[in-house]
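Notes to accompany the following structure.
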Amino acid sequence: MTIGIMAAIHDEIAELIEAITQQDKSQTHHIGMRDYYVGELEGQACVLVLARMGKVAASATAVSLIREFGVSEILFSGLAGGLAEHVQVGDVVVADRLIQHDMDARPFFPQHEIPLLGVTEFVVSQSLREELQTATRGFFKHDLAKKISAEKLAQFGLTKPDLHVGMIASGDQFIGSETEVARLRKTLPTALAVEMEGAAVAQICHEHAVPCAILRTISDRADSEAHIDFNQFLVGVASHYSCGIMRRFLANRTRVNNSLA
Ligand code: ADE
């Protein structure tokens with residue numbers, strides 16, 4: 001059982017890549033302009049990869065993970081803009097379903113339906129997302145204050161981050177205006193967060209019957225300040241979240257497997 005772990009940007013999983021490449025037995029495979037790092041983390045066989053940004057990049061990478069490396073499940077960890085009113089910078093959103101907000105083949109198919117697949121919302125593996133939720137709660141409780149300095153916690157207002165579970169909307173667009181937020185809230189009133197890859201990975205996993213889960217840390221509010229907030233968050237705190245939560249997920253998995261053995 002090998003777990004595929006994806007991110008869009010290097011800073012998001014830099015620490016995990018460093019940890020895996022430091023192992024004597026790890027290997028790096030270069031396919032389609034991407035490096036796939038194969039090794040073990042927290043006792044779990046993993047393949048880590050930077051997908052780069054957008055739905056096409058994420059889809060191509062997910063296919064390689066499944067076809068070339070035979071991963072049995074895929075996790076995606078990265079940043080997102082908060083779309084719902086109550087989803088704030090520093091919160092984590094774990095998707096229970098994902099939608100492609102820019103898919104629109106009307107009048108042939110209803111808005112957001114994937115043509116010829118007949119699916120509008122991709123529902124993700126419940127057990128996998130629950131494992132991510134447990135890892136996130138553990139990270140908030142035990143690691144956040146240790147991994148991120150008090151100044152940074154204050155700077156980003158990360159005093160009491162929340163974990164949300166719900167819909168994530170993906171599209172090939174960085175959302176950075178109040179007008180776009182209003183439009184998306186109107187068309188997708190239950191969407192919590194917006195990003196650029198998750199629903200594409202969920203589609204590939206659906207098509208290949210591979211369980212997946214998508215976790216997003218909120219870096220901005222998708223408004224006119226989003227590009228500034230996104231960059232600061234990426235440099236300052238993103239990797240602590242992604243790596244901290246992924247490590248907890250993998251360690252918990254190893255603990256459960258060992259107790260069943
Ligand atoms: N990822 C992080 N913030 C985002 C935003 N505002 N729009 C799209 N993707 C994002």
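Scanning the stretch 157-174 for residues that are open to solvent by 10 Å² or more (accessible area, probe 1.4 Å) and assigned to a loop (DSSP other than H, G, I, E, B) yields 157, 159, 160, 161, 162, 172, 173, 174.
In the stretch 1-27, the qualifying residues are those that are among the β-branched types (Val, Ile, Thr) and open to solvent by less than 20 Å² (accessible area, probe 1.4 Å), and the one that is modelled with the lowest pLDDT is 13. Of the residues that make up the stretch 28-39, is at least one open to solvent by 50 Å² or more (accessible area, probe 1.4 Å), assigned to a strand (DSSP E or B), of a type in the set (S, T, N, Q) and out of contact with any Leu (no Cβ under 9 Å at 6 or more places or on another chain)? Yes, there is a match, as at least one residue in the stretch 28-39 is open to solvent by 50 Å² or more (accessible area, probe 1.4 Å), assigned to a strand (DSSP E or B), of a type in the set (S, T, N, Q) and out of contact with any Leu (no Cβ under 9 Å at 6 or more places or on another chain). Taking residues in the stretch 120-139 that are free of Cβ contacts under 8 Å to residues at least 40 places away in the same chain, and partners anywhere that are open to solvent by 10 Å² or more (accessible area, probe 1.4 Å), the pairs with Cβ atoms closer than 6 Å and at least 6 places apart or on different chains are 120/112; 120/113; 123/97. Each residue in the stretch 40-83 was checked for being touching a strand residue (DSSP E or B) at 6+ places or on another chain (Cβ under 9 Å), within 16 Å of the ligand (Cβ to nearest atom), farther than 22 Å from residue 192 by Cα and not small (Gly, Ala, Ser), and 2 of them qualify. Of all residues in the stretch 101-114, those satisfying the criterion of being closer than 17 Å to residue 172 by Cα and open to solvent by 40 Å² or more (accessible area, probe 1.4 Å) are 102, 103, 104, 111. Cβ separations smaller than 9 Å between residues 6+ apart or across chains give the following pairs from the stretch 181-207 residues that are basic (Lys, Arg) to residues that are at pLDDT 95 or above and within 14 Å of the ligand (Cβ to nearest atom): 185/83; 185/84; 185/191. Of all the numbered requirements in (1) crowded, with 24+ Cβ neighbours inside 10 Å; (2) among the basic types (Lys, Arg); (3) more than 17 Å from the chain's Cα centre (by Cα), residue 183 misses one, and that requirement is (1). Taking the stretch 213-253 as the range and being away from the ligand (no atom under 16 Å from the Cβ), of a type in the set (A, V, I, L, M, F, W, C) and open to solvent by less than 10 Å² (accessible area, probe 1.4 Å) as the test, the residues that pass are 213, 243, 245, 246, 249, 250. For the stretch 72-100, the set of residues classified as in a loop (DSSP other than H, G, I, E, B) and open to solvent by 10 Å² or more (accessible area, probe 1.4 Å) consists of 72, 84, 85, 86, 88, 89, listed by residue number.
The values are calculated or read from the model by the stated rules, or taken from the named source; none is laboratory data. In this text, all values refer to a predicted model and were calculated from it rather than measured experimentally. A quick note on method: Cβ atoms are made from the backbone with ideal geometry, for glycine too, and the neighbour counts reach across all protein chains shown. SASA here: full protein model, heavy atoms, side chains in, ligands and nucleic acids out. Shrake-Rupley method; radii C 1.70, N 1.55, O 1.52, S 1.80 Å.
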